[in-house]
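Read through the structure below, which is laid out as structure tokens, and then see the notes.
The values are calculated or read from the model by the stated rules, or taken from the named source; none is laboratory data. None of the values given here were measured: they were computed from a predicted structure. When we count neighbours, we look across all protein chains shown, and the Cβ atoms used for this are built from the backbone with ideal geometry, even at glycine. Heads up: the accessible areas ignore ligands, DNA and RNA and are worked out on the full protein's heavy atoms, side chains in. Shrake-Rupley method; radii C 1.70, N 1.55, O 1.52, S 1.80 Å.
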Amino acid sequence: GGLINESADIDNSIAGDVTGDVYNRNGATLTSTAEVGGNFWNNGALTVSGTIHGTLTNKVASAANATLNLGGNLNVGGLVNNGSITVDDNRTLTSGTAVDNNGTLDVDGTLTGSVNNDKRLDVAGTVSGKVTNNDGGTLISTGNIGALENDSEHATISGTVTGDVENKDDGVLVSSAAIGGDVQNDGTATLSNSVGGTITNDGTLNVAGNL
């Protein structure tokens, strides 16, 4: 079966196997270490680890102040964030599909997968896959990301990018990152660190230092 939690008691917790869906209601508090067979919706305060075979949605329409923290490593089939999620520096979040970020996502630890960012993404740890920073999104990375596609005016990266970087027509990119792959610039880009591959510029490119 499933679970609906409407209580704000800080001692609420689930473990073991839950075959159905889990709902943590607006204002409710829950800690989950369970293996959840269905989907998981959080509108309250959730500390979670374990496995969710379906999609974890943090903050469903109009829910106030939904927050999600990892109590340990977490595997999910998919993740939609409309609230606030923190991946601490000793935690790993693994998603089977691209994380859909429409809120605030802080990755201080490891996110194994890719991210589709429409709001605010801060990376001080590692995102193993591709970060797609859409128009209106803000990306600040001082850590490591697998690859980058940027179509936003707000992208500042340092640290490293393992693969390719594509800065699209509306993109404004400021990079002091070491980029392992190619760079395709169709927008406005400032680069001030190494590029392992080829730079192709069809926009406005500023090179500060040695590439």
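Some values worked out for this structure:
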| item | result |
| --- | --- |
| Accessible-area value, VAL60, 1.4 Å probe, nucleic acids and ligands omitted, Å² | 50 |
| Backbone HN-Hα couplings from phi across region 165-176 [Karplus 6.51/-1.76/1.60, Hz, Gly and Pro as x] | 10, 10, 9, 7, 3, 8, x, 10, 10, 10, 10, 10 |
| Spin-label zone in region 6-40 - amide nitrogen under 17 Å from a point set 7 Å from the Cα of THR97 along the C-beta vector | 21-22, 37-40 |
| ASN26 paired with THR190, simple spin-label distance in nm, labels 7 Å along Cα-to-beta-carbon | 4.3 |
| Reach of LYS168 by Cα under 18 Å, taken over aspartates and glutamates that are not fewer than 8 positions away in the same chain | ASP118, ASP135, GLU149, ASP151, GLU153, ASP182, ASP186, ASP202 |
| Max mean-square fluctuation residue, GNM over the chain, Cα-Cα springs under 10 Å, options ASN90, ASN144, ASN26 | ASN90 |
| Correct option for P(r) over Cα pairs in 10 Å bins from 0, in percent [calculated from the coordinates] among (1) 9, 35, 28, 16, 9, 2; (2) 7, 24, 21, 15, 12, 9, 6, 4, 2, 1, 0; (3) 9, 30, 36, 19, 5, 1 | (1) |
| Added length on full extension, which subtracts the Cα-Cα distance from 0.36 nm per residue, ASP106 to ASN90 | 4.5 nm |
| Cα-projected label distance for ALA15 with SER62, points at 7 Å along beta-carbon direction, nm | 3.8 |
| Top of ASN42, ASN73, ASN133 by mean-square fluctuation, Gaussian network on the chain, Cα under 10 Å | ASN73 |
| Per-residue SASA entry for HIS53, accessible area with 1.4 Å probe, Å² rounded to 10 | 100 |
